[in-house]
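The values are calculated or read from the model by the stated rules, or taken from the named source; none is laboratory data. Everything quoted here is computed from the prediction, not taken from an experiment. Glycine also receives a Cβ, built like all others from the backbone with ideal geometry; neighbour counts cover every protein chain displayed. Note: areas computed on protein heavy atoms with side chains; ligands, DNA, RNA excluded. Shrake-Rupley method; radii C 1.70, N 1.55, O 1.52, S 1.80 Å.
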Number of protein chains: 2
Amino acid sequence: MSPELLLAPRVLAVASHDSSSNVGNKVAVFVLQSLGFDVAALNTVQFSNHTGYRQWTGTRATAQEITDLYAGLKQSYLDDFDMMLSGYIPGAEGVTAVGNIAKGLKDKFRHVPGKFFWVLDPVMGDNGKLYVAPEVVPAYKALLPYADLILPNQFEAEQLSDVKIVDMDSLTQAIQVLHEKFHIPHIIITSVSFTTPSHPPSHLSVVGSTMTSDRRARPFKITFPSIDCYFCGTGDMFGALITSRVREAVEAVPGLRSRESWLSEDGVAATELPLARAAEKVLASMHEVLAKTRDAMPAVMERTWASLGGEADRGDEKKAHYVKSKAAELQLVTNLDSLRSPTTTFTATRI
Amino acid sequence: MSPELLLAPRVLAVASHDSSSNVGNKVAVFVLQSLGFDVAALNTVQFSNHTGYRQWTGTRATAQEITDLYAGLKQSYLDDFDMMLSGYIPGAEGVTAVGNIAKGLKDKFRHVPGKFFWVLDPVMGDNGKLYVAPEVVPAYKALLPYADLILPNQFEAEQLSDVKIVDMDSLTQAIQVLHEKFHIPHIIITSVSFTTPSHPPSHLSVVGSTMTSDRRARPFKITFPSIDCYFCGTGDMFGALITSRVREAVEAVPGLRSRESWLSEDGVAATELPLARAAEKVLASMHEVLAKTRDAMPAVMERTWASLGGEADRGDEKKAHYVKSKAAELQLVTNLDSLRSPTTTFTATRI
């Protein structure tokens, strides 16, 4: 038996770390571990909680600290990663430092096709607004040719492709540009916010594509009911789940995991792509965890108010915001089954 | 239904964090999450790997950074913890800062007996040697009256009790001192290294006790086969498992969880203590994980050498040390079942 069969695949997870918030690496590490990965975590920030609370304490890692920490792994041969998932990184220099790690890993394993796979979530903004410095955008653009799978939301896809996305046609065009110009093998646009006849306002879609050998897009779409509540950490949960599920789906196709960037044969249709299989499963887990988080919110809020005792003034808007933010933290540990074996079904369709 | 029944208990885990080593919070957070806890992680160091590799990179959190991070949690009402587990803290000031967090939580919940429970692992040294600065010892001593359960090894128990431990009599005496002088309700000495007729050299013991209302020790012992291999992170795994299992064992006794420090009635015999039940289960999980880690070591070493490719000089002692250190990293994610529902059985006996 190959020794690899016995062992957990190794993944490097690069993202923020908050003490008490289920976002960033707090989510990614647990989800990846739950799905059987040996995870090395490189934390880009150390905050008390996520910034949606509008107040937090803690420190950011400098680009130099990121580089040093990785050099430490490398010198003890701890850099034999099978995958890397990168999420939020503060500042352009940090993005470049993380990119150098990924480039180093690509180079280290250049003689073993399919050995190393980088999932890049280019966290930059949402809903028409950047929440990073403008120089972060070109820093990400420079790294795109090294990524195997990118996970931009609609706004981030616009920033990277320079295509304004207003409908399914322009979205498909943006994907085509990302495949063609940056040679990105796999793309998933994680939230699509325009409405179409087949995509009513109560629903959301993700759109994905794996390019052909001549870099043509093979776009598919998965539509699912939206849960009307503002959660943080959903992008990080998506990233961790897709990292695991894409590997699983690729392993189900004989020989595919030893092809460069796990690129399916040209004859494989969009809806038959391992990326589509993976995304279906990811959305099933996401939907279950989000629904259960929403259902638990009143109980979590009640518990927090109760713990405040005499301090509790439920009419105080600021306090209510903290209590509500906390109740919206993803309920992960109580929903391990939804992460590992979701029962919900969503199906990819052609565009 | 009480809302608490629906929700994961909240635990604050304070320990080191290494990117790629299964020690400190890397172990504790995953183990606690696997057992259904909502974990807030406060990382006291950020290293690339554990120091057993003899080389590492990264930074230590200052006492002020620890205090600030916790203040951040507090201001957003994220400090409604049910339990706290504290492990390695660099320096006496850091120990005092962490102690202040625990004291604050004790005070916050002083009107709700049994609500908050602090598991303190006073990490200071082993095998007759301190590996922290000497001023850390009195810093821990000052905190002992606030702890609910402490987890010293034999050497640390000597440091805290000022009793030289050479046999079961002196060990029991040390426990008696810790109960009496520092009012510590529950104690487990996590590794006992002297040999006795009932404790052959191929075996190890842990010794625990829950004090009576007049602070008499109720010592029990659990003996288990030792696995001849040097693992790191076993103390952190023990701490996380006992945190979960002691709560579970206490919940099995009607009314006990709302008693101050979860102290059993005086009539309960040593071997019937919830602490004994908890420790039995913890050792079962530990034994299974360690045995499986040892069994996987050759495959992990082979994988690392293979990944080094041309670089590999297997005769190089330094390289061999890194490769072996890595292979001895606890195999946690592949052994979730052993953490959650171990099948091995160990039984507590009277001393």
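Values as computed for the structure displayed
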item: Calculated P(r) tail over 16 Å for the stretch A:68-140, as whole % of Cα pairs; result: 54
item: Cleavage-rule hits (GluC sites (Glu not before Pro)) in the stretch B:262-299: DSSP loop, at most 13 neighbouring Cβ within 10 angstrom; result: B:Glu265
item: Compactness of the protein assembly as shown as Cα Rg over 2.2 N^0.38 Å, two decimals; result: 0.97
item: Size of the A/B contact, given as accessible area buried on both chains, probe 1.4 Å, in Å²; result: 5200
item: Across the identical copies, how the A:Asp337 labels are spaced - nm, sorted shortest first, 7 Å along Cα→Cβ; result: 1.8
item: Highest-MSF residue in chain A out of A:Gly128, A:Gly94, A:Gly315 [GNM, Cα springs under 10 Å]; result: A:Gly315
item: Rounded to 10°, Cα long-axis angle of helix B:274-308 versus longest principal axis of chain B; result: 10
item: Charge tally in the Cβ shell below 10 Å around B:Lys181, where Lys, Arg are +1 and Asp, Glu are -1, B:Lys181 excluded; result: 0
item: Too-long pairs where the Cα-Cα distance tops 30 Å, listed order kept, from B:Lys106/B:Lys281; A:Lys106/A:Lys181; B:Lys106/B:Lys129; result: B:Lys106/B:Lys129
item: Share, in percent, of DSSP beta bridges within chain B that are antiparallel, nearest 5; result: 50
item: Helical mean residue ellipticity (222 nm; -39500 (n - 2.57) per DSSP H run of 4+; nearest 500) of chain B; result: -13000 deg cm²/dmol
item: Simple spin-label estimate for B:Glu265 and B:Asp126 in nanometres, 7 Å along Cα-Cβ; result: 4.0
item: Reachable aspartates and glutamates, given that their alpha-carbon falls under 18 Å from the alpha-carbon of B:Lys74 and they are not under 8 places away in the same chain; result: A:Asp18, A:Glu302, A:Glu311, A:Asp313, A:Asp316, A:Glu317, A:Glu329, B:Asp38, B:Glu65, B:Asp82, B:Asp107
item: Nearest-0.05 FRET efficiency for A:Ala71 and A:Tyr230, computed from C-beta distance (R0 41 Å); result: 0.60
item: Value of relative contact order over chain A, rounded to a whole percent, pairs C-alpha under 8 Å and six or more apart; result: 15
item: Inter-copy separations for B:Asp107, label at 7 Å along Cα-Cβ, nm, ascending; result: 5.4
item: Across A:Lys103/B:Lys324; A:Lys115/B:Lys324; A:Lys292/B:Lys103; A:Lys115/A:Lys221, pairs whose alpha-carbon gap is larger than 30 Å; result: A:Lys292/B:Lys103
item: Label zone at B:Lys103 (point 7 Å along Cα-to-Cβ), backbone N below 18 Å, the stretch B:35-71; result: B:63-71
item: Given charges at beta-carbon only (K, R positive; D, E negative), |dipole| of the protein assembly as shown in Debye; result: 200
item: Per-bin percent of Cα-Cα distances, chain A [20 Å]; result: 30, 60, 10, 0
item: Separation in nanometres of the label points that stand 7 Å from Cα toward Cβ, at A:Glu272 and B:Thr59; result: 5.2
item: Surface/4 estimate of mean projected area, convex hull on alpha-carbon atoms of the stretch A:225-351, nm²; result: 9.9
item: Spacing of the two label points (7 Å from each Cα toward its C-beta) at A:Lys181 and A:Arg314, in nm; result: 5.3
item: Value of relative contact order over the stretch B:193-351, rounded to a whole percent, pairs C-alpha under 8 Å and six or more apart; result: 30
item: Among B:Met297, B:Met211, B:Met237, residue whose mean-square fluctuation peaks in a GNM of chain B (springs only between Cα atoms under 10 Å); result: B:Met297
item: For chain B, built as a Gaussian network whose Cα springs stay under 10 Å, the top-fluctuating residue of B:Asn153, B:Asn100, B:Asn25; result: B:Asn100
item: Beta bridge orientation in the stretch B:55-190: antiparallel %, DSSP, nearest 5; result: 20
item: Rounded FRET efficiency, nearest 0.05, which uses the C-beta distance separating A:Ser258 from A:Arg350 and R0 of 25 Å; result: 0.30
item: Nearest-10 value in Å² for the accessible area of A:Thr67, using the 1.4 Å probe; result: 60
item: For B:Ser170, inter-copy label distances in nm, listed shortest first [label point 7 Å out on the Cα-Cβ vector]; result: 8.0
item: Sum of side-chain charges, A:Thr271 neighbourhood, beta-carbon under 13 Å (Lys, Arg +1; Asp, Glu -1); result: +2
item: Environment charge of A:Ser48, counting only residues whose C-beta is closer than 11 Å and scoring Lys/Arg +1, Asp/Glu -1; result: -3
item: As computed over the stretch A:135-186, the Cα convex hull volume per residue (Å³); result: 68
item: Radius, Kirkwood style, for the stretch B:2-87 when every pair of distinct Cα atoms is counted (Å); result: 13.8
item: Tilt relative to chain B, helix B:234-251 - C-alpha long axis, 0 to 90 degrees, to 10; result: 30
item: Residues of the stretch B:219-351: accessible area per residue with a 1.4 Å probe, Å²; result: 43
item: C-alpha center-to-center spacing [the stretch B:290-330, the stretch B:231-275] in angstrom; result: 37
item: Degrees, to the nearest 10: A:168-182 long Cα axis against longest axis of chain A; result: 60
